[in-house]
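What follows is a single structure, written as structure tokens, with notes after it.
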Amino acid sequence: MSLDLELLKQLRDITGAGILDCKKYLVRADNILDDAIKLMRSEEGIKADKKSARIAAEGVVYFKSNSSKSLLIEINSETDFVARADDFLSYVNQTCEIIISSPYNSLVALMDSSDDAVKNSLEELRKNYVTKLGENIQVRRFHCIDNLEKFVTGYTHNNKIGAIVTLAKEDEQLSKDICMQIVASNPLGLDEKSLDEKLLENEKDVYKAELDKIDKKDDIKRNIMDGKVKKFISDNTLLNQPYIKDGSLSLKKIIKDNEIISYERYQLGEGIEKKQEDFADEVYSQIK
């Protein structure tokens, strides 16, 4: 059977698949475009499901906003090679548009909902791009905020690490500086009250074990302990950390009459067990 070149072009434009795959499915579908698309997506969907089991720890941390909402999102791929591709970034932008147009402020909230329309839209888009890119991609998490009556700013560094911060009052420069501070210094909490009590207790246990090894009076040890705890709180809480533009000041002194309502920080792949691959393995994985 001769192939219609216009149909071949249309199928390739719609699916993003390679020429050889497009030829194969058009032949099997007797040059009926819709049938070729259905056949391709049904079979490639099975392949996409298999690829979805593979570890995805690369990708991007991405910030997107419009007049009503702001979004910080992490989307993972298997390799940095794919993460830098224009097709992957196109997928990221399309995913962001679906999420930012939905009423959900987190992936957990979306997954807990009964909104199959949004879920199916995201999954269909994901599977199409898994097929197109040849490796597993996953939306790992997102944080979406309504901009109304608040001032929201986001910042990402090389699409690998990012932050989103909500201020009570508009201040473009301050909010940008705070985002950069969050990205650079990775605070564990906004202030002492927001720190996990178990985390503080663990730190105290470490300090106590250290102090037990030195020959000092108990009151001196208590003073040393208090100093170490205060320093830990100062180094790890956003309001008390040294300000990135002036280490002699804390962020608390810079904010003045403004207030940090909330913040979120994402670092690409944190907490994911990554498979170590050399470059040859990475290239080989693209053609499997």
Among residues of the stretch 220-245 being over 20 Å from Leu195 (Cβ atoms) and under 29 Å from the mean Cα position of the chain (by Cα), the residue surrounded by the fewest Cβ atoms within 10 Å (Cβ to Cβ) is Lys245
Any residue in the stretch 250-264 that is touching a residue at least 60 places away in the same chain (Cβ under 8 Å) sitting within a Cβ distance under 6 Å of a residue that is aromatic (Phe, Trp, Tyr)? List the pairs, counting only those 6 or more apart or interchain. Leu251/Tyr243; Ile254/Tyr243
Criterion first (out of contact with any Asp or Glu (no Cβ under 7 Å at 6 or more places or on another chain) and surrounded by 12 or more Cβ atoms within 10 Å (Cβ to Cβ)) does Asn202 satisfy it? no
When residues of the stretch 171-221 are filtered for being of a type in the set (A, V, I, L, M), over 27 Å from Ile244 (Cα atoms) and not in a helix (DSSP H, G or I), how many remain? 1
I'd like to check which helices (runs of 4 or more DSSP H) are fully inside the stretch 84-149 and have at least 3 residues that are in contact with a helix residue (DSSP H, G or I) (Cβ under 8 Å, 6 or more places away or on another chain). 86-100, 116-133
Filter the stretch 57-83 down to the residues that are farther than 22 Å from Ala163 by Cβ and not aromatic (Phe, Trp, Tyr) and list them by number. Glu78, Thr79, Val82
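Read-outs: derived from the displayed coordinates by stated rules, not from any lab. In this text, all values refer to a predicted model and were calculated from it rather than measured experimentally. Glycine gets a Cβ as well: all are built from the backbone with ideal geometry, and neighbour counts include every protein chain shown.
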